[in-house]
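The values are calculated or read from the model by the stated rules, or taken from the named source; none is laboratory data. Source: prediction; values computed, not measured. A quick note on method: Cβ atoms are made from the backbone with ideal geometry, for glycine too, and the neighbour counts reach across all protein chains shown. For the accessible areas, the whole protein counts, side chains as well, though only heavy atoms, and no ligand, DNA or RNA atoms are used. Shrake-Rupley method; radii C 1.70, N 1.55, O 1.52, S 1.80 Å.
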Amino acid sequence: YMQLKIELISNNIEYLTESIFDSNQYTGTIREDSLPGTIVTTLGLKNKNPMVEFFILNGDHMNQFSISNDGKVYTRLIVDLTINPSNSLSRNQIVLDIIAVSNNKYKSFAKLKINIIKESGNILESSYNQRPICTTQNFIK
């Protein structure tokens, strides 16, 4: 039987600010009815570090976007500004605050402005929402 005593000295992790991104501002453009998995843009890095993790800090209130380990920003859902337009600068743009963390001690911040192109004035008229009309059903046994 052994007794172990652990004392927590600090729970604050100090990050060193190092420029991980090759720019502090990025832009991307997608159509409003883009399918999930559509690439918006790729975030550039100064060094190819396999230990970089990306996080969206602010601006993605509907959880519509995600960032892969290689810096590709992609859609998780069909982007629809009519559902929650409060997170956009205008009705056609979303701004995301992004952080990159490297080796759990270096951090860097960037902004991503995503321009949303509407196919038409009415989302219901977009190509994604036009579903085929099936008049005959065939079943094979």
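Here are some notes:
- Failed item in (1) in a strand (DSSP E or B); (2) open to solvent by 70 Å² or more (accessible area, probe 1.4 Å); (3) closer than 18 Å to ASN92 by Cα, with LEU57 passing the rest: (3)
- Qualifying residue in the range 63-72 (condition: open to solvent by 90 Å² or more (accessible area, probe 1.4 Å), at pLDDT 90 or above and of a type outside the set (Phe, Trp, Tyr)): no
- Given (1) open to solvent by 20 Å² or more (accessible area, probe 1.4 Å); (2) at pLDDT below 85; (3) closer than 13 Å to GLY28 by Cβ, number of the condition VAL79 does not satisfy: (1)
- Among the residues of the range 60-82, none is identified as at positive phi and in contact (Cβ under 8 Å) with a residue 40 or more places away in the chain.
- Members of the range 34-50 found to be in contact with a strand residue (DSSP E or B) (Cβ under 6 Å, 6 or more places away or on another chain), touching a residue at least 40 places away in the same chain (Cβ under 8 Å) and either aromatic (Phe, Trp, Tyr) or open to solvent by 70 Å² or more (accessible area, probe 1.4 Å) (or both), listed by number: PRO36
- Among the residues of the range 39-73, those that are over 10 Å from LEU96 (Cβ atoms) and among the charged types (D, E, K, R) comprise LYS46, LYS48, GLU53, ASP70, LYS72.
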